[in-house]
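I have placed the structure first, in the form of structure tokens, so that the comments after it can refer back to it.
Readers should treat all values here as calculations from the given coordinates under stated rules, not as data from a laboratory. Only a predicted model underlies this, so the values are computations on that prediction, with no experimental measurement involved. We place every Cβ from the backbone using ideal geometry, glycine too, and count neighbours over all the protein chains shown.
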Amino acid sequence: MAAVEVNTVSWVVDGAAILAETSFSVAEGSATALVGPNGSGKTTLLRMVCGRLSPSSGSVTVFGREPDDRDASFRADLSELLGAPGYYDDLTLGDHLDFLGRLWNVSDTHAELERLGALHLATRYIDEMSSGQRQLAFLALALTRPSRLLVLDEPEQRLDASYREALGEILAARRDEGSSILIATHDDALRERIADRVVTLEEGA
Amino acid sequence: MSMSTREGRARIASALRLRQSRSRIPRSERALTVYTVVLVALIYGTPALIASRDGWGAGAESPVSLVIAGLALSAAFFVAGGSRGPSAFSVADVDLVLAGPAPRTAFARWRPALLTLVFASVGALVGAIVLAPVQPPDPGAGVAIVGGALGGAGLGVGALLAWILGEADRRFGLLVVPAVAIAAWAIADGTVAPWAMVALPPLWCAALVDAGLLAPAALALIVLAATAFAAQRILLARTRGELLRRRADRWDRARSAATTLDLRTAAGALGDRAPRFFRRLPLSRVLGSAPIARAATDAPARADDDPIGHRAGARIRAGLPQAANGGSALLRAVFARDLVGGIRRWPDLAAAALLIALGSGILAAAPHTNWSLAAVALVTVGASRAAGGLRTHAENLGRPNHLDPPLERAAWAHVALPAAVAAIGLLTGLTASAGMWNALAAILVVAAALVLLIPAAYRFRPPDALMGPINTPAGDMSAVVVVAWWIRTHLFLLATWWLAQLLAPPARPLLVLAALLVGILWAHRSFLHERRSVAG
């Protein structure tokens, strides 16, 4: 069974195609990169895969069923980073990771932060971080919770070269361990490092 | 990987304990917040309730007024539910906990029961105080207090249900029609039919006059409360995460703005949703056939905070260089722009016309009563509902690529649409006129309310001088001053009307006319001030 199956999906608003008709699949344990110019619909497509948006036409399935974030088992299968997630401004990043650890039954909660090379951020409050540090924090939150499918929208943004390198290694390791990855990226090095398959989206309109 | 509700509860409880223990907000600060809220409720709420008891005591003998009050309360909660319903959480809760592996209801385990209890309890308390008989020696006092508490609890739980329905789907608003019809049927002859006392929660107050109905009313209250409890759980389980996230985000922004007393931004954040109506307007018919840039034509109208969207803006921008030179061309272009936005937000325009009709009707028919002060407020609020174009114009003055020229004429042109809506409202409202002078005064009040839209729109941030602390023995009073500043145009009009009632009927319109002239000067001065601050 494919991790993600996208069949002739499109997204149209007021007659304007935000996402032109697209089909592809992500095999279990593989990584697929979505590439294309700004406005080609990469984020829109990822939102559909995460159950945040229903397509105008076509269908999306994740592990054989329609994406629905009201379903707890669907949420348990998927970890996503689409823009900045919410966070508690009275907790440090380390506290957040421990918080997630208790929700997801993870014991080594700081492992992903350490792999990213950002363990020094554990004692910092997220709203006091720079934008690049926040991106690292959000990545750590998304990577700490266990999942069968990782959906990431331009995870490399605002990261310097060394952190991008670390991110590439983590994602490649995840893929090799059997996780499926769907990622939208403008970073050629990251794409070449992890992607088994590349899907190019043309400008929607 | 899904888990049982029991396991989910255990994990969530463990995570929440961790959050409490590591939060940098001390518990004493939370306790202080609770203490402040309780004290404010006791100090200001209780005297208000007791003071209103005399007036509302009559309601115990007249369940008809309670039916109307119940419907109004439920309608208000229904509308509020569209912005923030009972299943509203913080963005962090939505993204970290509700997006987790545990069933959502495991997180909000006690919340539905607590909310139901709070609504019922507050309603019962208010009902017992307000609806209890004024004369203690009354032999039926005990029954009346129980009846009042039951009626109040029924009103409270009814309001909660309306709040839930408002969050679930706005289309439930259609229930208003049968509800009003049943209520009208139940009170057709000026009393209340016995069957309605149990069928319609607000009518439980009728138990005040018939002790035999206490038991069925109590039973119905339990059934209704159980329904409200179950509905909240179902709603939370069935609402998509994206919707929960959007609502949470909206509320977070509104709360942040309200904390800094930026009430305008707070109100804007709560109501800020993209209009769903008439997204594909036949613009060529509305605005003529001037060329539009391709990019703007193809772009979907996504500007949530702009009443009209990009496409109409592009077409009007194409015509504005000529329009800026000619008064009537400018008026046509601006009016068309506001009309397109108004049509897309037609519920706002309908509400504006309705409020102005109601307000001007009361002013014309019963100018001497206390209701007339509320009517002035209805008129000012109604006028502001139709002024989205003016607000957008004022807020974007000085920005590059702004669609309107920074001309005072443009500001006045933006009053044209609210004026047209007000005219429709006046035509309806003045059918209830009790005389020429009263009708004239009502028309002038509406005109003044329209003129005062300009200062309200231009000076939308309080002056710095008002933002400093004002220390008094009762604490910092700066919030009172800032709130008074926010409603300054309303207060001006209210004071004018109040003073006018002290004069002989022919002199009343003259005083309101004077207020209108002051309003015009005020508007002119606001524009000059804003233009200076933009230039500076």
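Structure notes:
- Applying both filters, DSSP loop and at most 16 other Cβ atoms within 10 Å, to the trypsin sites (Lys or Arg not before Pro) of the range B:1-52 gives B:24.
- Helix A:93-104 vs. chain A, principal-axis angle (Cα, 0 to 90°, nearest 10): 60
- Relative contact order %, the range A:47-132, counting alpha carbon pairs below 8 Å whose residues are six or more apart: 22
- Here the spin labels are modelled as points 7 Å beyond Cα on the Cα-Cβ line, and at residue B:243 and residue A:71 they lie 1.8 nm apart.
- A helix-only calculation puts chain A at -9500 deg cm²/dmol for mean residue ellipticity at 222 nm, using -39500 (n - 2.57) for each DSSP H run of at least four residues, averaged over all residues.
- Among A:162, A:179, A:59, residue whose mean-square fluctuation peaks in a GNM of chain A (springs only between Cα atoms under 10 Å): A:162
- Rounded to the nearest 20, the Cβ-based charge dipole of the range A:85-145 about its Cα centre (Lys and Arg +1, Asp and Glu -1) stands at 200 debye.
- Interchain or long-range residues, amide H under 5 Å from residue A:3's placed H: A:26, A:27, A:28
- Per-residue average of Cβ from other chains inside 10 Å of B:12-20: 4
- Backbone geometry of the range B:334-348 corresponds, through the Karplus equation with coefficients 6.51, -1.76 and 1.60 at θ = phi - 60°, to 3J(HN,Hα) couplings of 5, 4, 4, 4, 5, 5, 4, x, x, 5, 5, 10, 4, x, 5 Hz, x marking Gly and Pro.
- Shielding by partners for peptide B:88-96, expressed as the average number of C-beta atoms from other protein chains within 10 Å of each residue's C-beta, is 5.
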